[in-house]
Each structure stands twice: as C-alpha cells, then as structure tokens.
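Structure, as structure tokens:
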There are 2 protein chains.
Amino acid sequence: MSLEKDLFFMQEALKEAKKAGSIGEVPVGAVVVLQDKIIAKGANQVELLQDATAHAEILCITAASSFLKNWRLEGATIYTTLEPCLMCAGAIYAARIKRVIWGARDIRLGANGSWIDIFQKKHPMHSVEIIGEVLQEECGALLTEFFQKRRRENARAIR
Amino acid sequence: MSLEKDLFFMQEALKEAKKAGSIGEVPVGAVVVLQDKIIAKGANQVELLQDATAHAEILCITAASSFLKNWRLEGATIYTTLEPCLMCAGAIYAARIKRVIWGARDIRLGANGSWIDIFQKKHPMHSVEIIGEVLQEECGALLTEFFQKRRRENARAIR
C-alpha cells in the first residue's frame, strides 16, 4: 500500500481517537482496512464500558470480524493511533491481521519496542508487517493534551 | 488461597471448557473469582461469534468487569483450563488481575513459558502471581480428545 493511503487511513483512525477523547476516554482510535476499504472503526471505550479489554484495536477487530462474518482477518491492515499493548498485539496475531500501522509511541506499555518488542519474536502461526510512528505528532499531541487537561482538572479538584 | 479451593475453581473452569467443546469450539473455559466467589464464567466462542478475541479468558474478564461495573479486577483470580496466549496475558495485566491459575500447557501459543514467557518480564503497571499445570491432565485430555475427533471427522470428509 502507498504511503499516501496509509496516511489517509491513519487520519481516519485519528478521527476515532478524537471521538474517544471527546467522551473522556484516553484518545486512541483504530480502523481496519481490507482492499482499500474501511471495514471497521473503533474508539477506546475502557471507561464507558468499564472493560479493560475495550481498547480501540480490540473493538475494531471484533467489529471487522462481525462485518466479514469471519474471525480470520487475512489480508487486512489495522491502523491504530497508539503503539499496540500486549493484549492488542496478541489480538492482531490471533486475528491473522497482515499489517499494523501505528502512530504515537507508548513509552510505558507499548509492545513494539517500548515496554517490550513482541513482534521481534517469530510467532508460530503467523507473521505481521509493522510500521510505527506514522503521524506520530498528531497522534501523540492528542494524548498529551488529554493528560495535561486531566492533570489540570485533578489539581483543581484537590484545591 | 488453599490448593483445595484452587482445584475446586479449576473444576468449574473445566465445566465451561466442556460447554465450549459441546458446541464444536476448542474446549477452553475460565472463571473469575473474587473473595472466594465466582463472579464470571467464560467458554471459548471464537467459532460461534466468528471473533478471534472471543477466548474464554477475554469473555470472562469482560463479564467480570460488567458484574463489578469496574474494569479494575483488583484482587481477582482467573482460572483458565489452558495456558494463556499473548492476548489473554495482556488482558490479564490490563484488568489488573491478581492471580492466574492455568491448566494444560499450550505448547504452540502459550505465553507463560511455551511460546514465550511474558510473565517473566516485569510489567510497568502491575504484577501477577501465576501458577500453571493445575489439573493439567483433565484440562489437556479434553483438548486431545477434541482434536483427535476433529482429525477423524476431517479424514472421513476427505474419503
């Protein structure tokens, strides 16, 4: 896929991240693309659903599988605004996604080089192509603003 | 928790695994326990839901969070009949589960020493106590029988 297309789809994932942020969720978004078409979108909903598994990527993988009526997302690309965590990396393997494009680095929990690089170890079932730090500034700025705002609010609440 | 209690709850997870097997799913089951009470049960439903994320552990974590109305399952123990995969290991961390007790080893995909040992690496947010190979014979026999039956059926279909 061309870089232009990757940037276009990452912009779509960013829209999902903004939706998450607008309802008080950590602003992370994802889309799943197959044959140049978005087949599923997902925004982080951990707080709304009170479910630690409700990361944007997991919701998006479930939605894409529902759309295709197939748990095997072969040939699909997932665009996510944040470096996948361990759970999402595992879900990407389990769903047999072909490509992963992620935006901002997650220095605490990222599973593609930050906390751990799980994609370096050969998986017994499946291989994944992964490209990180695509539109990292835009993706990261959303997160930085979100956490700055939350800190300000917490500081006001303490006073 | 006493070994007796752990064995009792693993038997409950085994019942869920049998339910999964009875509908043609790979027979894996899980329960989440808090203060000596089962707060959620889950059976693998990847084929039924056509969703690669529908492992017993993930469904069970979602159900437990829904029951508690809290994504933080602090103090909880998850019993699963199979060594967790990468995705489920990540979900266990994300949900801040305290203890993991698993049954049969997953030699291909297990993330507690078989494919990888993700629990050896210190997690930045949370620590997990993990005990494997509890009722491993019963848990493993279910899986062996399931795959033997499937191979026989496939062989018949080819003839």
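The values are calculated or read from the model by the stated rules, or taken from the named source; none is laboratory data. Worth saying up front: this structure is predicted, and the values here are computed from it rather than measured. Counting neighbours? That spans all protein chains shown, and the Cβs are built from the backbone with ideal geometry, glycine included. We work out accessible area using only protein heavy atoms, side chains counted, and drop any ligands, DNA or RNA first. Shrake-Rupley method; radii C 1.70, N 1.55, O 1.52, S 1.80 Å.
Cα atoms only: what Rg and Dmax, in Å, come out for the protein assembly as shown?
Rg and Dmax of the protein assembly as shown, Cα atoms, are 19.6, 77 Å.
In degrees between 0 and 90, to the nearest 10, how far off the longest principal axis of chain B does helix B:3-22 point, with axes built from Cα atoms?
Long axis of B:3-22 versus the principal axis of chain B: about 40 degrees.
Per-residue Cβ counts within 10 Å, from other chains only, averaged over B:58-65: what number is that?
Shielding by partners across B:58-65 averages 4.
Provide B:Glu133, A:Glu4 ordered by accessible surface of protein heavy atoms (probe 1.4 Å), highest first.
The ranking, largest first, comes out as A:Glu4, B:Glu133.
Kindly provide the GluC sites (Glu not before Pro) of the stretch A:29-126 that DSSP labels as loop, not H, G, I, E or B, and whose Cβ sees at most 14 other Cβ atoms within 10 Å.
The qualifying sites are A:Glu74.
In whole Å and largest first, what semi-axes does the C-alpha gyration tensor of the stretch A:43-159 yield when each eigenvalue is scaled by 5 and square-rooted?
28, 17, 12
Using only Cα atoms, tell me the angle between helix B:136-158 and the longest principal axis of chain B; keep it within 0 to 90° and round to the nearest 10.
Rounded to the nearest ten degrees, it is 30.
I'd like the trypsin sites (Lys or Arg not before Pro) in the stretch A:32-120 restricted to DSSP loop residues with at most 13 other Cβ atoms within 10 Å, sorted by number.
Within the stretch A:32-120, the qualifying trypsin sites (Lys or Arg not before Pro) (loop, at most 13 other Cβ atoms within 10 Å) are A:Lys69, A:Arg108.
What does the helix-only formula give at 222 nm for the protein assembly as shown: each DSSP H stretch with n ≥ 4 adding -39500 (n - 2.57), the total divided by the residues, and the result rounded to the nearest 500 deg cm²/dmol? Display every interim value, and only then the final one.
Numbers: 10 runs with 138 residues, N = 318.
Result for the protein assembly as shown, helices only: -14000 deg cm²/dmol.
For the stretch B:17-105, what are Rg and Dmax over the alpha carbons, in angstrom?
Expressed in Å, the Cα Rg and Dmax of the stretch B:17-105 come to 11.9, 33.
Given chain B, what count of lysine pairs have C-alpha atoms under 13 Å apart, with each pair 8 or more places apart or on different chains?
The result is 4.
In whole Hz, what ³J(HN,Hα) sequence does the stretch B:83-90 give by Karplus (6.51, -1.76, 1.60; θ = phi - 60°), x for Gly and Pro?
These are the phi-based 3J(HN,Hα) values: 3, x, 7, 4, 4, 5, 4, x Hz.
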